[in-house]
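The values are calculated or read from the model by the stated rules, or taken from the named source; none is laboratory data. Source: prediction; values computed, not measured. Reconstructed Cβ throughout: ideal geometry from the backbone, glycine too, with neighbour counts over all protein chains shown.
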Amino acid sequence: MADAAQRLARFLGPKRLGYAWIAGATLWIGWLISVSLGSGNVDLAGQVIGTDYLEFYAAGLTVRLGESERLYDVAYQSQLQQTVIGPRLKVYYGFITPPFFAWVFAPLSLLPYVPSFAVWSLLGLLGLWLSLRLLGAAQPRRVLLWSLTWFPVFATISYGQNSLLSLMLLSLTWRLWRRGHSWPAGLVASLLLYKPQLLLGVGLLWLLEAIAPHQAPGASADENVAQDGILRHAPAIFRTLPRRPALTALLGLAAGGGALFALSVLGMPEASRAYWEFARTVLPNLPAWQEFPLWNLHTVWGFWRLLLPAAARWADVLHWSFAIAGVVGFVVFWRRQRGRPALLYAAAIGLTLWATPHAMIYDWTLLLIPAVTLWQEAPAQRDRWKILFVAIWIASFVSGPLTHAQLRWLPVAVQISAPTLLIALGLAWRWVIRSNQPAAPHTA
């Protein structure tokens, strides 16, 4: 198997990998030309520049205008978006995140739409760069350039999405956790509650560590608590808790989430009530909407929903079966790799995308965390990692268009991205488990 991996890795030499640069450059140049030559706030194809960014911009504008109680008022938001874009807007972009996230965009709404989108995009690229630095990439500039060829990163920018912010927050969470600052790590992780499903893996990891504590990343438990300056100044009730860094991280996560909830309820009470009702009655059925781009939902749940559109209950059963299997596999991995915290954190991110029912193509940017980690922590396996990276790169590039094309002619579709991801995660799990190689020094 090792010889086959080496032969395939040699086949994937610089010349063939160079096609990724061509494909990536084509994407970016074509998009920039379309945006530059468009009319007003739409591109050459008549699509809104930034597409999903319109929902965030309108939400920020709503808050700035003092109309936060209308964040989830479809008629009001639709009219506001029409005012921003003009009569060429044909689609409504619904704001489906918690109300506190709208505060992020209130200052950005001071700018006209396109300059505001440009600033948001530059902030996203800055977040990508900071993420690579926080993850300890040995050659961050080179990794940054490779990342830009990857479709999920391009999709995040071109769709105006928030996945690079999510990547940065999870990378900062890892950096704090790695250095023993568990309380701040939990607080930073709580900021991801605008997409709570992205905390699934990290939350499970901390829960396992809290139940069966051991020496935390990089130091003894006592040393970690001593380093945690915020915890030392916390109320006495927190200082008397057992000195378990993972438990401290979970408390930080709960405290941050509680603070966000309180700020939302106190600052936007009507919007908070509206969101609760929206989340309870509308969000569970969101993928069933005729307008929802199910072909762009790159999860196991989305795979089965596309393959079994007339048997939604069976699709749900199959999804949860795979999710439970993923959790079991993660627990086994955790038990066998407890001395390698970087690999455990990378596996937690992989589990998140394995088990969550909702992850669009741009959410796959989170896979940069396990990619950088595997490359740094298991250098002897780099031939194998290269093969997996290429497979995921290709699948993420072609899966959406292929699925969309199938749905134009057929009632069902086979989405190749989710199976490719599951195979890649399974192989990575197997290769790491079977490897007796000690962890490589972490480059911080």
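A few points about this structure:
- Selection count where residues are under 16 Å from P112 (Cβ atoms), in a helix (DSSP H, G or I) and touching a Leu at 6+ places or on another chain (Cβ under 7 Å), scope region 32-48: 0
- Residue selected from region 311-340 under the condition within 15 Å of W206 (Cβ to Cβ) and under 20 Å from the mean Cα position of the chain (by Cα), by the criterion surrounded by the most Cβ atoms within 10 Å (Cβ to Cβ): F330
- W146 satisfies every condition listed in (1) surrounded by fewer than 22 Cβ atoms within 10 Å (Cβ to Cβ); (2) at pLDDT 95 or above except (2).
- Failed condition for L122, given (1) under 30 Å from V48 (Cβ atoms); (2) modelled with pLDDT under 95: (2)
- Selected residue (criterion: surrounded by the most Cβ atoms within 10 Å (Cβ to Cβ)) from residues of region 58-84 that are under 29 Å from the mean Cα position of the chain (by Cα) and either outside any helix (DSSP H, G or I) or among the charged types (D, E, K, R) (or both): L71
- Counting only helices (runs of 4 or more DSSP H) that fall entirely inside region 110-201 and contain at least 2 residues that are small (G, A, S), the qualifying elements are 113-135, 151-158, 163-178, 182-190.
- Counted residues, region 172-183 - those being surrounded by fewer than 24 Cβ atoms within 10 Å (Cβ to Cβ) and modelled with pLDDT of 95 or more: 3
- Within region 29-45, the set of residues being touching a residue at least 12 places away in the same chain (Cβ under 8 Å), surrounded by fewer than 17 Cβ atoms within 10 Å (Cβ to Cβ) and touching a Ser or Thr at 6+ places or on another chain (Cβ under 9 Å) comprises just one member, W31.
- Pairs meeting the criteria (first residue in region 308-334 and under 19 Å from T403 (Cα atoms), second residue assigned to a helix (DSSP H, G or I), beta carbons under 6 Å, at least 6 apart or on different chains) are L308/W314; L308/A315; A315/W304; A315/R305; H319/V300; H319/W301; H319/W304.
- Residues that are touching an Asp or Glu at 6+ places or on another chain (Cβ under 9 Å) and either over 16 Å from W364 (Cα atoms) or touching a residue at least 60 places away in the same chain (Cβ under 8 Å) (or both) are absent from region 117-140 altogether.
- Residue check, L17 more than 30 Å from A102 (Cα to Cα), surrounded by fewer than 17 Cβ atoms within 10 Å (Cβ to Cβ), at pLDDT below 80 and under 27 Å from the mean Cα position of the chain (by Cα): yes
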